[in-house]
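The values are calculated or read from the model by the stated rules, or taken from the named source; none is laboratory data. Just so we're clear, the structure is a prediction, and the values are computed from it rather than from any experiment. Note that each Cβ is placed from the backbone with ideal geometry, even for glycine, and that neighbours are counted across all protein chains shown. Each accessible area value is taken on the protein alone, full model and side chains, heavy atoms only, with ligands, DNA and RNA left out. Shrake-Rupley method; radii C 1.70, N 1.55, O 1.52, S 1.80 Å.
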Amino acid sequence: MWKYGHLKLVLSLLTVLLVITDVAGDGHVKVSDIPHSANLLDSGLGTILFLSSTFLIGAITRHIINRFGANFPYTVALLAIGMLIGILFKQYEKHLDGYAGLIHIDPHLLMFAFLPVLLFESAFLLDIHAIKKSIGQILVLAIPGYLFSSVTTAVVVMYIFSYNWSWNASMMVGAILSATDPVAVVALLKSSPGGKDVHHLSVVIEGESLLNDGAAIVLFNIFHNNAMEPCADQPYHCLINGTNTEFHADNFCDNYLNCDVQHHINEQMCTTLTSEEIVIDIALKTIGGPIFGIIMGYVFVFWLGKVFNDYLTEITITVGSPYLVYFISEMYLKSSGVLSVVVFGCVVNMNKMNISPEIEAFLNKFWEQMGYLVNTIIFLVVGMIITFSAVENIEATDIVYLGALYIGVSASRSLMLMFFHFLLSRTGYGTTWQSASVLMWGALRGAVSLALALQVNHNAGFCQAMRSKILFFVSGIVVLTLLINSTTFNKILSILGFCHISKAKKVAVDSAANLILDSMREELNSLKEDNKHTDSSWEEVKKICYIETIYNTEKDIITNRREIEKLHNQVTACNNCSTQVPVPLTRAELSEFYDESRSRVFKAFKISLWKQFDHGLLSKPGLRYLDDMCDQTLDIRDKFIGLRDIEYMWRIGRVLKYFKSKLEALQKGQQEENFPIPNNIHQYRIYQLVSSTAFDMVIMFVIFINVILVIVELSMPSSLCEKVVLNGETLQQATDLSLGFKIANYCFLTLFIIEMILKLIGQRKYYFFNKWNLIDFGIIIISIADSVSDFFTDCNSANLNFNVFRVIRIVRLFRCVRLIKWIILFLQKLVRDLINKSVSAGYDLGTAFVTASEEVLEHLEQIVAYDECRGTFREKIQKAKNDVSTSLAQVRKDYPGIAIAINTKHVVRLILNKGRDTNWKLLQDGLVEEFDCALFTKQLEEKMKRLLANPTHWISPPNAFSMFLKVPWLKNMPEYVVVDLANRAEHHLYTKGEAFIKKGEIAAGVFLIISGKARVVHSMEEADNNNSKPDLHKTYSLHLACHHKNNVLLGSGAMLGEQSILVNRPRGSYVVCESDIQCYFISAEDMHGLMLKYPVVEENLWRLCSVRMAQTLLSKTNKYKTLSFEDLKAICDKSVLATLVPETSNGLFEIDEMITDVVVIYGETRCFPSNKVIKGPKLVPEGTTKLHLMSPCKMLTLINPKHEIDLKQYNEAISPPHGLEAESKESQQSLLKPEESDVSVKCEMKLSTFIKDDPNPTIRQEYEKKRRQSHLKDIREQVGEVTTNLGHSSSMEESRLTPVENVEKKSS
């Protein structure tokens, strides 16, 4: 029923076309009635109507084929329809002539109009890796194989046909018939369910077709000219000396060359190409064409790389460029336009990453559509031409000859494959007899062969009989190969085993079906709970939505499912009982599973890489390399991508290493920042001046101007002196120009001397420790000698000895030696940039590999169905991922700026992607207008474009000073204190999963996280629990994290280990890297030395840690448990930290109503009246009225809000001044070294009174100093150092003091 309905639709369309034409032809619609007096047919509008009808016919044909599920070649159906239309047009030629313009199309125009599109579409959509791998097979088939086929076909034509055609004519026909056009075959292969063998065959067949099209045109042109000869039964006429002369074939050339006017075609009959001309022509076409295609390919690829997300521009470039390449190559370069376009398309294909990621997929679909439309036109027109033009003057014997020719062409192809089997089986993917059979049967003929035959048919240089025969035979071979070979091609594939679906693929597809069904069930269950769908028929829903595996038919579905379940479970029922027994896979089945799973793993890997590239997270070179590496590795059995395959991408080459080491060796000694800082504050200011880059740049500019003036002076010595007559005597006198040069020289010398003096003041004796300073000093000495000699040398003495003048000026040129320092710096920067660029590209590639590995591992269960194979793949992928991650960690350690730059680029692109996606969603929801959306998109994509065009390869990590300024206990500290702390910091890097702080170990120092995240856990088992979630958005305290039930994440800016340093206790937890971490580390010795040097630092640390501990302790009490940590912090901030020693008030302190709670931070005390001994950190129990110190204690006292205590005034003792220079030396001294006091109170006192007025600070300060010195001594003894003069600064410490510190030290 449907078949009959579609047939009626086709016939109706043809009838309408006939009626329209008949109306136009019979005059029912007069030409005079057409507007503007335009003739519908002559204006070409009929051709436009014909083209539109062609597209509709193609759409109807495709719809019918798809509707009935027939695996029938689309192009064959079009050819058959075209032949029917051709018969129709021939029958009604008079009426349909205006609509059949394409039937009479010039063959050259046919090739120029359609061939560039077909060639570029095929080359652009080819699997470029398979082409590279199979290039040997393709070249064998396309060049020697094509020549073999042409020669053997020519032999068949020459000796079977009775037309007495010459060898040249036979070779021309052989060249035409040996050109393959496997459009239908490739389409069938691509739709075949076979594996990679079918894919490789389709690539070889399509690649051979692309190249032998070019070879066919080259060979055709060579024999085409030589094949033309005059017809024996046809008289020729021309004017010879004004007389009309008739001559025949036997004396054609002798008479024609004497004609007054010669025709180009006839002239070719009498022209024979020499062997040199033939060789040059072949070289120009076969070598010049591909070279031109490569050049134009990279030109347009470069242009495409400069366009970003402009689909109109990018599509237009790809549409216009093939025509331009083909036209220039054919018309101007006289080379092969076919080969130029094929190579051009391959170059664009290899550089698809230059196309915008968002457009690349759409561009592939666009070119598929272009190929579909052009093939629709061509095969329909070919069918029309065959029945309209190719069947004229045909006899019955010609049909017999056509059958013999078809057999001969097939035999020629078979002989060629047999002859070259040795080469074909040892190149590319190899060739078996089955694949050779497919190559033979799939060698269809098509548009190129017919276009070349039409060129012969339109050439008056051939006899009419020969032209008709050639067109008939070529058209017949095209029809026969399409109707016979292509329609039976699927059957041949099935017989040869290429349509076999492996068990491994069935299992994989069955797993995919189960995943789809699971997702559908989840959706079904969620919809059942939705009140909007309660009245749905769920049984009907299940019935309609159920799917089966795609390779199972109704007949064998049960059998296949049992087989699949057996493969999944690897068990079967015993024949004698129902016991389940294991069924191991055979070696062949296991190999099949392994190969299929391996192919899917690499496909998933490539998809992940392209997805990263689409999101802007992978560079073009990185994608190209990894994509090629996947294809190459897949071709090698049992091989996986490992560290060795990609590691060299971020390794520095030997040349760069050599130049880097040499330049660093030359630069040694010029690092002025290594000089000790002067003690005097005025010297320090001068030291900062002469060490600045701006000062050096000014001096270099002065040297450059000085050298230019010296060169100018040296080039014009005659203008420096003039003759004057004085008292009748002629003398030489200096000109004004000479005096100007002298004054300039003295000024420059003065500037250089001032520079040296400033450096001597700022750098002191260390000035002479720098080799560049020594060079400067030597040049200044030479310049002084030069100036002295110049002062005592006038024009008369210079005239007596001109060499003196020249030597003096040349000596001044020695000043340019100082420029070598900056040249070395420039070269060093250049080498460093090259290294950074290279390592950055490799690091980007490595991170993409790790990300792709993680995604594949995440979905490995769905990718690989067989458990044993899955375990093998998991092990190999995990090993490669870990190896690459370890290597990248070393790169991050050696080049931290590169890691920061790459991560920054990724974050920026992800944010821009999110902004663009949100913008598009707002447009879809109708929240913004299309115009406004376009403006937002343009702004965001401009930023993306700049990010891609100018990527940053190095971003220096935050310096220690800027990071420590953000630490809470260092805020508002004097700058020199932070600088001193930053100078002690070391840059460390830790990899993901590494525990850099371990529970129970003695604190080695403090850590300040620069980048990355760390997780605080109480045991290493918790570190392996990936499901644990942080319960704080941002945590800065290790101690605070340790008191939470769940582990906590610490991010950038977090400081770890302060409390362990203060109390000198073992670590209470592990800190494990959640990601790779960069941090600054300050050793415990440096921290204790810093606290000895600046007691205010220790006070601030104690204050911060005490508040944190108090928060934790108070949160566990009934009184404060309802409060949040932020509220507890606010309460603890209104507190006072007091250090109490037993020597004060006999160690007895009374807690009055002014104090609400007391937290013992460290120390031991007895509480009264409970007589309970508590040891810090501990909260003093409620009801305690008196404390008896059993050891020195530090306590945090919470003040009752009802009582007003000036906490600010009390805390001024631990709050540093905001401006160092604004304070007096005395205030600074009291800050760093509080004045001693001998006041001692021996009676019991209230704690609040002690807080307001410490009666004996000297004892407390001495205790704190001794405790810190004791800690420092313990640390030094652990590393085997001798401890002497604890508490006193060493010479190294003195060298790191700022000028202000030295002033304070001297004043104290």
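Annotations
- Of all residues making up the stretch 890-928, the number that are touching a Lys or Arg at 6+ places or on another chain (Cβ under 8 Å) and either over 22 Å from His615 (Cα atoms) or of a type in the set (D, E, K, R) (or both): 0
- Qualifying residue in the stretch 1044-1056 (condition: at pLDDT below 75, outside any strand (DSSP E or B), surrounded by fewer than 19 Cβ atoms within 10 Å (Cβ to Cβ) and touching a Ser or Thr at 6+ places or on another chain (Cβ under 7 Å)): yes
- Filtered residues of the stretch 915-938 (kept if under 18 Å from Ile359 (Cα atoms) and open to solvent by 100 Å² or more (accessible area, probe 1.4 Å)): Lys938
- Residues satisfying the stated conditions in the stretch 756-795, i.e. open to solvent by 50 Å² or more (accessible area, probe 1.4 Å) and not in a helix (DSSP H, G or I): Phe792, Asp794
- Helices (runs of 4 or more DSSP H) completely within the stretch 601-667 that count 2 or more residues being within 20 Å of Ile128 (Cα to Cα) and touching a residue at least 24 places away in the same chain (Cβ under 8 Å): 620-635
- Enumeration of residues in the stretch 456-507 that are under 52 Å from the mean Cα position of the chain (by Cα), more than 21 Å from Ala411 (Cβ to Cβ) and in a loop (DSSP other than H, G, I, E, B): Gly497, Phe498, Cys499, His500, Ile501, Ser502
- Some residue of the stretch 544-558 being at pLDDT 75 or above and surrounded by 14 or more Cβ atoms within 10 Å (Cβ to Cβ): no
- Taken across the stretch 471-482, residues that are at pLDDT 90 or above, within 18 Å of Ile176 (Cα to Cα), open to solvent by 30 Å² or more (accessible area, probe 1.4 Å) and out of contact with any strand residue (DSSP E or B) (no Cβ under 7 Å at 6 or more places or on another chain) do occur, with at least one present.
- Taken over the stretch 1057-1073, the residue count meeting the criterion of being open to solvent by 20 Å² or more (accessible area, probe 1.4 Å) and at pLDDT 85 or above is 1.
- Wholly enclosed helices (runs of 4 or more DSSP H) of the stretch 274-368 bearing at least 1 residues farther than 23 Å from Leu115 by Cβ: 275-283, 289-306, 311-327
- Pick from the stretch 950-960, criterion of a type in the set (A, V, I, L, M, F, W, C) and at pLDDT 80 or above, ranking: farthest from His615 (Cα to Cα): Ala960
- Total residues in the stretch 884-895, condition open to solvent by 50 Å² or more (accessible area, probe 1.4 Å) and charged (D, E, K, R): 2
- Wholly enclosed strands (runs of 3 or more DSSP E) of the stretch 1124-1185 bearing at least 2 residues open to solvent by 60 Å² or more (accessible area, probe 1.4 Å) and either modelled with pLDDT of 85 or more or within 22 Å of Glu1099 (Cβ to Cβ) (or both): 1164-1168, 1172-1175
- Here Pro1169 fits the description: in contact with a Lys or Arg (Cβ under 9 Å, 6 or more places away or on another chain) and not hydroxyl-bearing (Ser, Thr, Tyr).
- When Val186 is tested against (1) open to solvent by 20 Å² or more (accessible area, probe 1.4 Å); (2) over 22 Å from Gly403 (Cα atoms); (3) not small (Gly, Ala, Ser), only condition (1) is not met.
- Restricting the stretch 270-316 to residues that are in contact (Cβ under 8 Å) with a residue 12 or more places away in the chain, farther than 30 Å from Lys938 by Cα and of a type in the set (D, E, K, R), the residue that is least open to solvent (accessible area, probe 1.4 Å): Lys285
Per-residue answers, yes or no, for (1) at pLDDT 80 or above; (2) under 28 Å from Ile835 (Cβ atoms); (3) over 36 Å from the mean Cα position of the chain (by Cα):
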residue	(1), (2), (3)
Leu656	yes, yes, no
Ser661	yes, yes, no
Glu673	no, yes, yes
Pro676	no, no, yes
Asn679	no, no, yes
Tyr684	no, no, yes
Phe695	yes, no, yes
Val698	yes, no, yes
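- Test: Trp954 is outside any helix (DSSP H, G or I) and either free of Cβ contacts under 8 Å to residues at least 12 places away in the same chain or out of contact with any Leu (no Cβ under 9 Å at 6 or more places or on another chain) (or both): yes
- Filtered residues of the stretch 1099-1123 (kept if in a loop (DSSP other than H, G, I, E, B) and among the polar types (S, T, N, Q)): Thr1117, Asn1118, Thr1122
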